[in-house]
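Here is the structure we will look at, set down as structure tokens.
The values are calculated or read from the model by the stated rules, or taken from the named source; none is laboratory data. Everything numeric in this text was worked out from a predicted model, so none of it was measured. All Cβ positions, glycine included, derive from the backbone under ideal geometry; neighbour counts span all protein chains shown. Side chains included, ligands, DNA and RNA excluded: accessible areas come from the protein's heavy atoms. Shrake-Rupley method; radii C 1.70, N 1.55, O 1.52, S 1.80 Å.
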Amino acid sequence: MKDEQTRRLLDQIGVLRDPCDLDLLVFFVRHPRVLLTSDQIAAFLGYEVKRLGESLDVLVTAALLTRMQTPTSAARMHVFAVGGPHDGWLPSLVEVASTREGRLALRAALIDQRNEQAPGPVAGRDRD
């Protein structure tokens, strides 16, 4: 996938800002009603629990996931919002993310995007 196409797709989605967000979204697309703890999902995807929690919050805020509290437990279940605000980009994302090359291109574009948005070094400060 070309860089420009990858960036356009990410711009269309609009909420993904980190590779963990992408990996978590793709995980829930493939497993929309999975019953796993955040710790288990983090281990499965290879992320720290804190980082995974931040991505869960991003996807819930964007209405791509629904967070459900169970009345008998403090446990929360996350469900992929099948009828959520996908605006036609979901099939394209799934198609691209289903190949190694596509996933790597999406992850690289997210990292580039994050680096572009990060504040640069402060003038007059020595680099470490």
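Here are the numbers:
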quantity: Pairs where the first residue, in the range 15-40, is polar (S, T, N, Q) and the second is buried (at least 17 other Cβ atoms within 10 Å of the Cβ), C-beta under 6 Å, 6+ apart; calculated: 38/52
quantity: Qualifying position, being of a type in the set (Val, Ile, Thr), surrounded by 12 or more Cβ atoms within 10 Å (Cβ to Cβ), under 29 Å from residue 33 (Cβ atoms) and at pLDDT below 80, among 94, 79; calculated: 79
quantity: Helices (runs of 4 or more DSSP H) completely within the range 1-48 that count 1 or more residues being open to solvent by 20 Å² or more (accessible area, probe 1.4 Å) and within 15 Å of residue 111 (Cα to Cα); calculated: 3-13, 19-30
quantity: Among residues of the range 94-119, those that are farther than 17 Å from residue 27 by Cβ and among the basic types (Lys, Arg), counted; calculated: 1
quantity: Unique residue being over 14 Å from the mean Cα position of the chain (by Cα) and modelled with pLDDT under 85 when the list is 88, 102; calculated: 88
